[in-house]
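J.: The following block contains the structure, expressed as C-alpha coordinates.
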Amino acid sequence: MLFFAASAYMAILALVWFVNPNAIPLSLGAPLLHGLELAGPYMFLIAATVGLIVGFGLLRLNNLARRAAILIALVGIVMLIPKVSADASDISLRFFVAGSALVARVMIVWYLRQGRVIEHFR
(Lines give C-alpha, C1' and ligand atoms only; values in the text may rest on other atoms or scores of the structure.)
Protein backbone atom coordinates (compact mmCIF):
# COMPACT_ATOMS: atom_id res chain seq x y z
CA MET A 1 0.00 0.00 0.00
CA LEU A 2 2.95 2.32 0.61
CA PHE A 3 4.03 2.05 -3.00
CA PHE A 4 0.51 2.91 -4.18
CA ALA A 5 0.25 5.86 -1.79
CA ALA A 6 3.64 7.23 -2.84
CA SER A 7 2.76 6.76 -6.51
CA ALA A 8 -0.53 8.59 -6.10
CA TYR A 9 1.22 11.44 -4.29
CA MET A 10 3.85 11.76 -7.03
CA ALA A 11 1.27 11.59 -9.83
CA ILE A 12 -0.96 14.22 -8.19
CA LEU A 13 2.01 16.57 -7.72
CA ALA A 14 3.01 16.13 -11.37
CA LEU A 15 -0.53 16.70 -12.65
CA VAL A 16 -1.01 19.81 -10.52
CA TRP A 17 2.35 21.12 -11.75
CA PHE A 18 1.37 20.51 -15.38
CA VAL A 19 -1.91 22.40 -14.90
CA ASN A 20 -0.32 25.33 -13.06
CA PRO A 21 3.50 25.32 -12.67
CA ASN A 22 3.37 28.08 -10.05
CA ALA A 23 0.84 26.30 -7.82
CA ILE A 24 3.31 24.04 -6.00
CA PRO A 25 7.07 23.83 -5.65
CA LEU A 26 8.83 20.73 -6.95
CA SER A 27 10.53 20.45 -3.56
CA LEU A 28 7.38 18.73 -2.26
CA GLY A 29 8.72 15.56 -3.91
CA ALA A 30 12.07 15.76 -2.11
CA PRO A 31 11.19 13.26 0.64
CA LEU A 32 10.60 10.56 -1.98
CA LEU A 33 12.90 11.58 -4.82
CA HIS A 34 15.99 12.65 -2.83
CA GLY A 35 17.20 15.28 -5.28
CA LEU A 36 15.70 13.86 -8.46
CA GLU A 37 12.83 16.33 -8.17
CA LEU A 38 15.18 18.85 -9.79
CA ALA A 39 14.71 16.92 -13.06
CA GLY A 40 11.16 18.25 -13.22
CA PRO A 41 7.66 16.83 -13.17
CA TYR A 42 8.53 14.07 -15.60
CA MET A 43 10.67 12.46 -12.90
CA PHE A 44 7.58 12.51 -10.67
CA LEU A 45 5.65 10.58 -13.34
CA ILE A 46 8.50 8.09 -13.83
CA ALA A 47 8.71 7.49 -10.07
CA ALA A 48 4.92 7.10 -9.87
CA THR A 49 4.96 4.57 -12.71
CA VAL A 50 7.77 2.54 -11.14
CA GLY A 51 5.94 2.61 -7.81
CA LEU A 52 2.74 1.36 -9.42
CA ILE A 53 4.55 -1.45 -11.22
CA VAL A 54 6.28 -2.58 -8.01
CA GLY A 55 3.04 -2.26 -6.03
CA PHE A 56 1.08 -4.40 -8.49
CA GLY A 57 3.95 -6.90 -8.57
CA LEU A 58 3.88 -7.17 -4.80
CA LEU A 59 0.12 -7.75 -4.85
CA ARG A 60 0.62 -10.54 -7.38
CA LEU A 61 3.42 -12.02 -5.20
CA ASN A 62 6.02 -11.54 -7.92
CA ASN A 63 9.49 -12.30 -6.56
CA LEU A 64 11.10 -9.74 -8.88
CA ALA A 65 8.82 -7.05 -7.45
CA ARG A 66 9.84 -8.10 -3.92
CA ARG A 67 13.48 -7.69 -4.86
CA ALA A 68 12.78 -4.34 -6.52
CA ALA A 69 10.97 -3.14 -3.38
CA ILE A 70 13.94 -4.18 -1.26
CA LEU A 71 16.32 -2.35 -3.60
CA ILE A 72 14.17 0.80 -3.62
CA ALA A 73 13.97 0.76 0.19
CA LEU A 74 17.74 0.21 0.50
CA VAL A 75 18.44 3.15 -1.82
CA GLY A 76 16.08 5.24 0.31
CA ILE A 77 17.97 4.21 3.44
CA VAL A 78 21.30 5.22 1.92
CA MET A 79 19.87 8.54 0.74
CA LEU A 80 18.36 9.31 4.17
CA ILE A 81 21.47 8.67 6.26
CA PRO A 82 23.04 12.11 5.55
CA LYS A 83 19.73 13.86 6.24
CA VAL A 84 19.24 12.07 9.55
CA SER A 85 22.85 12.83 10.50
CA ALA A 86 22.46 16.52 9.65
CA ASP A 87 19.16 16.82 11.50
CA ALA A 88 20.54 15.03 14.57
CA SER A 89 22.50 18.15 15.58
CA ASP A 90 19.32 19.60 17.07
CA ILE A 91 16.52 17.35 18.14
CA SER A 92 13.53 18.74 16.27
CA LEU A 93 10.51 17.65 14.29
CA ARG A 94 12.63 17.39 11.12
CA PHE A 95 14.90 14.86 12.86
CA PHE A 96 11.94 12.71 13.93
CA VAL A 97 10.36 12.84 10.47
CA ALA A 98 13.62 11.84 8.77
CA GLY A 99 14.25 9.17 11.39
CA SER A 100 10.74 7.78 10.98
CA ALA A 101 11.19 7.60 7.20
CA LEU A 102 14.46 5.74 7.74
CA VAL A 103 12.87 3.31 10.19
CA ALA A 104 9.94 2.66 7.82
CA ARG A 105 12.36 1.73 5.03
CA VAL A 106 14.33 -0.54 7.36
CA MET A 107 11.08 -2.26 8.37
CA ILE A 108 10.18 -2.81 4.70
CA VAL A 109 13.55 -4.44 4.00
CA TRP A 110 13.35 -6.52 7.19
CA TYR A 111 9.84 -7.74 6.41
CA LEU A 112 10.53 -8.62 2.77
CA ARG A 113 13.68 -10.55 3.76
CA GLN A 114 11.92 -12.88 6.22
CA GLY A 115 11.88 -16.56 5.30
CA ARG A 116 8.12 -17.01 5.39
CA VAL A 117 7.61 -13.96 3.17
CA ILE A 118 10.19 -15.23 0.69
CA GLU A 119 8.34 -18.56 0.59
CA HIS A 120 5.06 -16.79 -0.28
CA PHE A 121 6.74 -15.08 -3.20
CA ARG A 122 8.16 -18.31 -4.65
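The values are calculated or read from the model by the stated rules, or taken from the named source; none is laboratory data. Since the model is a prediction, treat every value here as computed from it, not as a measurement. When we count neighbours, we look across all protein chains shown, and the Cβ atoms used for this are built from the backbone with ideal geometry, even at glycine.
J.: In the range 45-67, what residues are buried (at least 19 other Cβ atoms within 10 Å of the Cβ) and closer than 13 Å to residue 33 by Cα?
T.: 47, 48, 51
J.: Kindly indicate whether any position in the range 39-52 is in a helix (DSSP H, G or I) and farther than 30 Å from residue 22 by Cβ. Break it down into steps so the answer makes sense when it comes.
T.: Step one: of the range 39-52, the residues in a helix (DSSP H, G or I) are 39, 41-52.
Right, trim to farther than 30 Å from residue 22 by Cβ and you get none.
No.
J.: Still on this structure: State all residues of the range 63-122 that are among the charged types (D, E, K, R), modelled with pLDDT under 85 and part of a helix (DSSP H, G or I); if no residue qualifies, say none.
T.: From the range 63-122, those among the charged types (D, E, K, R) are 66-67, 83, 87, 90, 94, 105, 113, 116, 119, 122; that's our starting set.
Subsequent filtering for residues that are modelled with pLDDT under 85 retains 83, 87, 90, 94.
Matches in the range 63-122: 83, 87, 94.
J.: Evaluate the following for residue 80: is it surrounded by 13 or more Cβ atoms within 10 Å (Cβ to Cβ) and not hydroxyl-bearing (Ser, Thr, Tyr)? Before you say what the answer is, go through the steps one by one.
T.: Numbers: surrounded by 13 or more Cβ atoms within 10 Å (Cβ to Cβ): yes; not hydroxyl-bearing (Ser, Thr, Tyr): yes.
The answer is yes for residue 80.
J.: Within the range 68-83, can one find any residue that is without any contact (Cβ under 8 Å) to a residue 24 or more places away in the chain and farther than 16 Å from residue 34 by Cβ?
T.: Scanning the range 68-83, I find at least one residue that is without any contact (Cβ under 8 Å) to a residue 24 or more places away in the chain and farther than 16 Å from residue 34 by Cβ, so the answer is yes.
J.: If you don't mind, another one. All but one of (1) surrounded by 12 or more Cβ atoms within 10 Å (Cβ to Cβ); (2) hydroxyl-bearing (Ser, Thr, Tyr); (3) free of Cβ contacts under 8 Å to residues at least 12 places away in the same chain hold for residue 89; state the number of the condition that does not hold.
T.: (1)
J.: For residue 26, are the conditions met, namely being of a type in the set (A, V, I, L, M), surrounded by 14 or more Cβ atoms within 10 Å (Cβ to Cβ), at pLDDT below 90 and over 19 Å from residue 108 (Cβ atoms)? Reasoning before the result, please.
T.: Working: of a type in the set (A, V, I, L, M): yes; surrounded by 14 or more Cβ atoms within 10 Å (Cβ to Cβ): yes; at pLDDT below 90: yes; over 19 Å from residue 108 (Cβ atoms): yes.
Answer is yes for this residue.
J.: What pairs can you find where one residue is in the range 8-31 and under 21 Å from residue 79 (Cα atoms), the other is of a type outside the set (Phe, Trp, Tyr), and their Cβ atoms are less than 6 Å apart, with a gap of 6+ or different chains?
T.: 10/47; 10/48; 26/37; 28/13; 29/13; 29/37; 30/37
J.: Can you name the residue in the range 3-23 that is closer than 22 Å to residue 58 by Cβ and surrounded by fewer than 15 Cβ atoms within 10 Å (Cβ to Cβ) and is also nearest to the chain's Cα centre (by Cα) among such residues?
T.: Filtering the range 3-23 down to residues closer than 22 Å to residue 58 by Cβ leaves 3-12.
From what is left, the residues that are surrounded by fewer than 15 Cβ atoms within 10 Å (Cβ to Cβ) are 5, 8, 12.
Details: 5: 9, 8: 11, 12: 15 Å.
The selected residue is 5.
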